[in-house]
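The values are calculated or read from the model by the stated rules, or taken from the named source; none is laboratory data. Here the structure is a predicted model, which is why all the values come from computation and not from measurement. Neighbour counts are summed over all protein chains in view; Cβ atoms, including those assigned to glycine, are modelled from backbone coordinates with ideal geometry.
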Amino acid sequence: MSEMWTAKLRNKWQKNLPIEKLLPDDQPAYVASWIYVFGVLTLSALAMIIASGIVLAFEGPAWYHVSDVGLFTNSMHFWSVQMFFVFMVIHLWGKYWMAAWRGNRFRTWATGAIAFVASIATAFTGYLVQTNFDSQWISFEAKDGFNSMGIGAFFNVTNLGQMLLLHVAFLPLILGVITVIHVLMVRRRGVVPPIDAEPSLSEAKR
Amino acid sequence: MSISKEAKHDFDAAPWAGKTKRYDIVKEGSIAVAFVAILAIVLSLLMGSPDETPLTFKGWAVSNADNFYATAVQELAGTSGTATYGGPYNKASDGLNVGPFWLQKWAGVTHPIDTVNEFVIAPLSTQVMSTEIASALATWKAASDSQKQAWATAYDDAITKVEGKLSAVPAGAYGPVPALAKGLTDMAKGGALDAALLSQGGFFQTDNTKQILFFGDGSYLDDAGTTANLQGGTWGMMNETGRYPGQAWLWLYSFWYQIPPFNNEESKPIGANADAYIMYIMGALSLGLILIPIIPGVKSLPMRIPIHRGIWRQYYQANGINRRKK
Ligand code: HEM
C-alpha cells in the first residue's frame, strides 16, 4: 500500500499540512502586530485584481473607453493594483526586519520575492494593454530594454495581441500559483518566532 | 545570545509549543477583503483611472505635416530610427552589448521590418490617388534599387541640410521621392495610414509593431511624452498620464537612468549601452532580493537594527527581554 504513489503523496501531505495547520484557530501569542495584516491585505488586493480583471477580460480591451461601467471596472482594477503593491512592499519590508526566513523558511521568502518580480512583470503588461496614449508611449520606450537583451526577439512589447494574452492568461496564472505555494508554505512552517525568542523564556512554555 | 546558533535554528524551525491565543484567520481574511473592496470602490468613484486617447498618424500629419513628411523620407532613405535599429527588426546595426555579450545581435531578426515597402510603398499603394502620385509610385517601382537609394538619400540629405525647413530645399535629383512623401502625408492626414500600417493588406491583425515604430521615428510621440512628463531621463518610467500614480515600483529601475554614466549616450561603453547594462543590474538585484536570506551582512542587518523590538513589542515586554542585551 505504502508503495503507491497516491498513498505516498497523501501521507506526505497529511504529515506536512494537515487541515489543522492549514486552517488553525489559534496562533502563537507573539502574533500580535499590525505587520501581520499586510500579507492578508496583499492577498485581498490580489483577489480584487483578479475579480475586476475577469470582468474586463469578458468585455475586451476597448470596453472601458466607451462604457461608464467599463471605466469603473477599469478603475477598480487600477486602484487594486496600486494598493496591492503598497501592501506587498510593506509586507516585504516587514518580513525583512523580522528576518522571517529563519527556521527553514527560506523558501517562504524566496517564493514571496519571486511573486514580487512576477507581479512587476504582470503589471507591466497591464500597462501595455490599456490601448491608450500611455500604452503607446510605454511600448515604444520599453522595447529598447528588452531588445538590448535579445528578449524582444520573442517578447514583443509592441505586439498588443501577444501582450494581452500574456497579461490575462499566462502571467496571472504564474503569479497565482506562486502565491498559493507561498501561502501554503507559511501555513506549513507556522509563523516565525521573534528574533530573540528562546526555549527558556516564559512564553515558550504553555 | 544565550543559546547556540544551532539550538536557535532548531527552536525557530520546530512547531511552536509555547503560549498561543485564539486567532480567526478566516474572519481576518474576510474583513481584509471587505476593507480592500471598499477602499477600491471609493478610490474608483473619486478618482477614476487614466485613459488618455491614443495619438494617431492623422493627428501627427495634421499638426506637424513637415515633420511627418521628413520622417517618411527617412523611411525611404533608410535613415530613420527603425531603419537603422538592428535586431529584432533588421541587420542595420549590431545593437547593444555588454562586454562580449551581443545578445541583441545573437537573438537575430525575428520581426523583420522593411521601412521602405511596409511603411511607405505598400500603404500608399492601397489608396486611390492623383495621377501625380500614381505615376511617382510607378516610377519608383520600375527603378533599380541603387537608383531608389540615390534619390531618397539625396532628398533626405537635402532636408537635413536645411534642418527640416521643406520650403528651403533646393531643386535636385530626387526622382519620385517628394511626390511619394507628399502622397503618404496626405494619406495620413485623411486618417487612412493607421489601419494600413496595421493590416499590411491582410485582414486579421493583432500586432501593432509597425505602427508604433514608425510613430516613434518622428517627433510627435516624443513631444507628447515630454509634455506628459513621461521621459525616462526624468523618472518618467514611474509616471502616469494625468494625476494618477504610475509604476512607482519601478523606482530602482528608473533610478539608473538618472545618473552617470547611464544617462549619457556618448559615454562608452556603459552610457551607450545603458539599456543593456541596466537590465543586467536589475536582473542581478532581483536575484539578490530572492537570495537575501543567504547574503552575508544583508541577512544579519535585521538582527542588529532592533526594528523587531517594535514589531514584537508585546512579546519583548511580556518576556522581560532587556533593552540592551549582552
Ligand atoms: C503576491 C504577493 C504576496 C502575497 C499575497 C503574500 C501573502 C502572505 C501571507 C498571507 C502571509 C501570512 C501572513 C503574514 O505573515 O503577513 C505571508 C507570509 C510571509 N511572506 Fe508573503 N506575500 C506576498 C509577497 C511576499 C514578498 C514579496 C515577500 C518577501 C520577499 C514575502 C515574504 C513572506 C514571508 C517571509 C512570510 C512568512 C512570515 C512568517 O513566518 O512570519 N511575501 N505572505
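Just one of the numbered conditions (1) modelled with pLDDT of 95 or more; (2) among the aliphatic types (A, V, I, L, M); (3) more than 30 Å from A:Ile195 (Cα to Cα) is not true of B:Ala32: (3). Candidates B:Ala83, B:Ala32, B:Ala107: the one that is under 22 Å from the mean Cα position of the chain (by Cα), over 21 Å from B:Phe215 (Cβ atoms) and surrounded by 18 or more Cβ atoms within 10 Å (Cβ to Cβ) is B:Ala107. Residues being more than 9 Å from chain B (Cβ to nearest Cβ), within 30 Å of B:Pro54 (Cβ to Cβ), within 20 Å of the chain's Cα centre (by Cα) and without any contact (Cβ under 8 Å) to a residue 60 or more places away in the chain are entirely absent from segment A:67-75. Taking segment B:2-16 as the range and being surrounded by fewer than 13 Cβ atoms within 10 Å (Cβ to Cβ) and more than 7 Å from chain A (Cβ to nearest Cβ) as the test, the residues that pass are B:Ser4, B:Lys5, B:Glu6.
Against the condition within 9 Å of chain B (Cβ to nearest Cβ) and in contact (Cβ under 8 Å) with a residue 24 or more places away in the chain, how does A:Leu164 come out, does it pass? I'd like the intermediate steps shown before the answer.
Values: within 9 Å of chain B (Cβ to nearest Cβ): yes; in contact (Cβ under 8 Å) with a residue 24 or more places away in the chain: yes.
Against the criterion (within 9 Å of chain B (Cβ to nearest Cβ) and in contact (Cβ under 8 Å) with a residue 24 or more places away in the chain), A:Leu164 qualifies.
In summary, helices (runs of 4 or more DSSP H) completely within segment A:79-169 and bearing 1 or more residues that are away from the ligand (no atom under 16 Å from the Cβ) and over 22 Å from the mean Cα position of the chain (by Cα) occur at A:133-148, A:160-165.
Yes or no, residue by residue, for (1) touching a residue at least 40 places away in the same chain (Cβ under 8 Å); (2) polar (S, T, N, Q); (3) loosely packed, with under 12 Cβ neighbours inside 10 Å; (4) assigned to a helix (DSSP H, G or I):
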residue: B:Phe255; (1), (2), (3), (4): no, no, no, yes
residue: B:Asn273; (1), (2), (3), (4): yes, yes, no, yes
residue: B:Tyr280; (1), (2), (3), (4): yes, no, no, yes
residue: B:Pro293; (1), (2), (3), (4): no, no, no, yes
residue: B:Gln314; (1), (2), (3), (4): no, yes, no, yes
residue: B:Ile321; (1), (2), (3), (4): no, no, no, no
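Residues that are within 14 Å of another protein chain (Cβ to nearest Cβ) and surrounded by fewer than 15 Cβ atoms within 10 Å (Cβ to Cβ) do not occur anywhere in segment B:138-150.
What's the total number of residues in segment B:14-70 that are among the polar types (S, T, N, Q) and either outside any loop (DSSP other than H, G, I, E, B) or touching an Asp or Glu at 6+ places or on another chain (Cβ under 8 Å) (or both)? Please lay out each step first, then the result.
Keep residues of segment B:14-70 that are among the polar types (S, T, N, Q), which gives B:20, B:30, B:44, B:49, B:53, B:56, B:63-64, B:67.
Restricting the remaining residues to those that are either outside any loop (DSSP other than H, G, I, E, B) or touching an Asp or Glu at 6+ places or on another chain (Cβ under 8 Å) (or both) gives B:20, B:30, B:44, B:56, B:63, B:67.
The qualifying residues number 6.
Would you pick out the residues in segment A:167-206 that are acidic (Asp, Glu) and in contact (Cβ under 8 Å) with a residue 40 or more places away in the chain?
The first filter runs over segment A:167-206 and keeps only residues acidic (Asp, Glu), leaving A:196, A:198, A:203.
Within segment A:167-206, just A:Glu203 meets the criteria.
Residues that are within 25 Å of the chain's Cα centre (by Cα) and without any contact (Cβ under 8 Å) to a residue 24 or more places away in the chain within segment B:171-208 comprise B:Ala195, B:Leu198, B:Ser199, B:Gln205, B:Thr206, B:Asp207, B:Asn208, listed in sequence order. Within the option set A:Val55, A:Val69, being assigned to a helix (DSSP H, G or I) and either charged (D, E, K, R) or within 19 Å of A:Leu128 (Cα to Cα) (or both) holds for one residue only, A:Val55.
Here is a yes/no grid of residues against (1) free of Cβ contacts under 8 Å to residues at least 12 places away in the same chain; (2) more than 7 Å from chain B (Cβ to nearest Cβ):
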site: A:Thr111; (1), (2): no, yes
site: A:Ile114; (1), (2): no, no
site: A:Ala121; (1), (2): no, yes
site: A:Asp134; (1), (2): yes, no
site: A:Gly145; (1), (2): yes, no
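Of the helices (runs of 4 or more DSSP H) entirely within segment B:113-222, those holding at least 1 residues that are closer than 13 Å to B:Ala72 by Cα occupy B:122-125, B:145-161, B:177-190, B:193-199, B:209-217.
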